[in-house]
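Novice: My questions will all concern the structure given below.
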Amino acid sequence: MSQVKVLVVDDSPTMRSLISAVLRRDPEITVIGQAGDPLEAREAIKQLNPDVITLDVEMPNMNGLSFLEKIMRLRPMPVIMVSTLTQNGADVSLAALELGAFDCIGKPMAGVPAEIAFADLPNKVKAAALSRVRPVGDRASTGVGDGVFRSDGRIVAIGSSTGGVEALLTVLSAFPANCPPTVITQHMPGTFTKSFAERLNRTCAAHVSEATDGAALEAGQIYLAPGGDCHLQVVGTTQSRCRLVAEPTVNGHRPSVDVLFQSLAKTAGKASVGVILTGMGRDGAQGLLALRQAGALTIGQNESTSVVYGMPKVAFEIGAVARQLPLERIGPDIISQCNAAYAAEAAR
């Protein structure tokens, strides 16, 4: 990889210096400039043509969210948001991810050295430089279909990571109010998942909530794995339920997509659908293979619509993906595949 050129945008000179210092320690990254507000940043973008921007959320003259919207509309490019990991910060960060920000990273908490708080930032910047940025106009919602849906009894499991906020909003917008019971593991900090579940619930026809230990899987319900402390599993054969398990990270993640998929392969097998969406790394690939080997339908997001073609690529390469589809077709395909009414009509 050639040098990744980064523009650091933050109204705090101290924060700009901290971020720049962490990035400069990576020999593959060059900090080509700094800006104290969006007006300075706009001129710096024109003059310096950065590959990636780190962008503060709260700034004078124009907040980071408004500036991000302008970037994605006028000059789409990879942006990593830098915010406080508070409840308000989580809401704003999720809005940024929905607008197309590549990722979000938290500012150092009191007593936490910048080197630790920003330890993942260089890798995120380099991944962002290789990502696919989709202009705002390309993010059309599929909408809920008008046809009759009657579930065939299968459980749907979805795994996603970087780019997953936008991807999940797109997929779930196609789900009717009586959709199949659906479980989701999205790599996300624990401070974000409650807000994300609430955001999905406001925009989806079905009911979306954070998964709770022991919750029964029911039609019309979508369960999002809480971030941080536990893995989400599906247990039970006569009545499937959510189980939250406090175990070590898997593939560097907790919750892990592999843990979710492998649990479903054991309990539901062919009575399930596994879906792997955009994300860095390989989490979920082996679990999806286990699902396919157990007789489940498996779907992977294709390369051209993935922000990061990592997780779905590995899954495809090891033979875990039966159907590879662009993002906009995945939601409708899940519903049509799980539609007993459609299957009955087709059998006539």
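Novice: Quick one: compute the contact order of the range 155-347, relative version, from alpha carbon pairs under 8 angstrom and 6+ residues apart, as a percent.
Specialist: Values: 478 pairs, mean separation 41.4, N = 193.
Rounded, it is 21 percent for the range 155-347.
Novice: Which percent, to the nearest 5, of DSSP beta bridges fully inside the range 195-303 are antiparallel?
Specialist: Working: 7 of 15 bridges.
That works out to approximately 45 percent antiparallel.
Novice: Related question: Nearest 5 is fine: what % of DSSP beta bridges in the range 109-263 come out antiparallel, could you say?
Specialist: Values: 7 of 19 bridges.
Expressed as a percentage, antiparallel bridges in the range 109-263 total about 35.
Novice: What dipole magnitude, in Debye to the nearest 20, does the chain give about its Cα centre under +1 on Lys/Arg Cβ and -1 on Asp/Glu Cβ?
Specialist: Values: 31 positive and 33 negative charges, 144 e Å.
With only Lys, Arg, Asp and Glu charged at Cβ, the dipole is about 680 debye.
Novice: Below 8 Å between Cα atoms, with a sequence gap of 6+, how large is the relative contact order for the range 171-282 in percent?
Specialist: Working: 205 pairs, mean separation 27.1, N = 112.
This gives 24 percent for the range 171-282.
Novice: Can I ask one more? For a 27 Å ceiling on Cα separation, which of these pairs sit above it: Lys46/Lys313; Lys70/Lys107; Lys194/Lys270? Write out the running numbers ahead of the final one.
Specialist: Working: Lys46/Lys313 34 Å; Lys70/Lys107 23 Å; Lys194/Lys270 30 Å.
Pairs exceeding the cut-off: Lys46/Lys313; Lys194/Lys270.
Novice: Measuring from a point 7 Å past the Cα of Ala246 along Cα-to-C-beta, which residues in the range 165-209 have an amide N at less than 18 Å?
Specialist: Residues passing the 18 Å test: 190-191.
Novice: Could you calculate the contour length gain from Asn201 to Arg24, that is, 0.36 nm times the residue separation minus the distance between their Cα atoms, to one decimal place in nm? Before the final figure, lay out the partial values.
Specialist: On the way: separation 177, 0.36 × 177 = 63.72 nm, distance 4.07 nm.
Extending this stretch completely gives an extra 59.6 nm.
Novice: For a Förster distance of 51 Å, can you work out the FRET efficiency between the beta-carbons of Arg132 and Thr238, rounded to the nearest 0.05?
Specialist: 0.75
Novice: Per residue of the chain, what 222 nm ellipticity follows from adding -39500 (n - 2.57) for every DSSP H run with n ≥ 4, rounded to the nearest 500?
Specialist: Calculated at 222 nm, the ellipticity per residue is -11000 deg cm²/dmol.
Novice: Further question on the same structure: Taking 8 Å as the Cα distance limit and 6 or more residues as the minimum spacing, I'd like the relative contact order of the chain as a percentage.
Specialist: For the chain, the relative contact order is 13 percent.
Novice: Here's something else I'd like to know. Considering all projection directions equally, how large on average is the shadow of the alpha-carbon convex hull of the range 4-135, in square nanometres? Walk me through the intermediate numbers first.
Specialist: Numbers: hull surface 28.2 nm².
So the mean shadow area of the Cα hull is 7.1 nm².
Novice: In whole Å, how far is the Cα centre of the range 208-273 from that of the range 17-53?
Specialist: So the separation of the two Cα centres works out to 40 Å.
Novice: Separate question: Lys and Arg at +1, Asp and Glu at -1: add these up for the other residues within a Cβ distance under 10 Å of Phe67 and post the number. Each step should come with its number before you reach the end.
Specialist: Details: positive: Arg42, Lys70; negative: Asp37, Asp56, Glu69.
Spelling it out: positives minus negatives among the neighbours equals -1.
Novice: For the range 155-347, what is the convex hull volume of its Cα atoms per residue in Å³? Walk me through the intermediate numbers first.
Specialist: Details: hull volume 19.6 nm³, N = 193.
Enclosed volume per residue, from the Cα hull, is 102 Å³.
Novice: Can you compute the FRET efficiency between Met62 and Asp229 using 1/(1 + (r/R0)^6), with r the Cβ-Cβ distance and R0 = 51 Å? Round to the nearest 0.05. Don't jump to the answer; show the numbers that get you there.
Specialist: On the way: r = 36 Å, r/R0 = 0.71.
Here the calculated transfer efficiency is 0.90.
Novice: Cα gyration tensor of the chain, axes a ≥ b ≥ c as square roots of the eigenvalues: rounded (a/c below 1.5), prolate (a/b > b/c) or oblate?
Specialist: Values: a/c = 2.02, a/b = 1.81, b/c = 1.12.
Note, shape of the chain comes out prolate.
Novice: Separate question: Given a Förster radius of 30 Å and the C-beta distance between Leu74 and Ser2 as r, what FRET efficiency does 1/(1 + (r/R0)^6) yield to the nearest 0.05? Can you show the working numbers first?
Specialist: On the way: r = 25 Å, r/R0 = 0.84.
Calculated value: 0.75.
Novice: Restricting to the chain, what percent of DSSP beta bridges are antiparallel, rounded to 5?
Specialist: On the way: 8 of 51 bridges.
Approximately 15 percent, going by the DSSP bridge assignments.
Novice: Let me ask something additional. Based on the Kirkwood radius over alpha-carbon pairs, what value in µm²/s does the Stokes-Einstein equation return for the translational diffusion coefficient of the range 249-335 at 4 °C and 1.567 mPa s?
Specialist: Values: Rh = 12.5 Å.
For these conditions, the coefficient is 104 µm²/s.
Novice: Let me ask you something else. Show me 21-27, 210-216 ranked by packing, highest mean number of other Cβ atoms within 10 Å first. The partial results should precede the final answer.
Specialist: Details: 21-27: 14.4, 210-216: 16.0.
Final packing ranking: 210-216, 21-27.
Only the coordinates and a few stated rules stand behind these numbers; no lab work does. The structure presented is a predicted model; accordingly, all values stated were derived computationally and were not measured. Note that we place each Cβ from the backbone using ideal geometry, even for glycine, and neighbour counts take in every protein chain shown.
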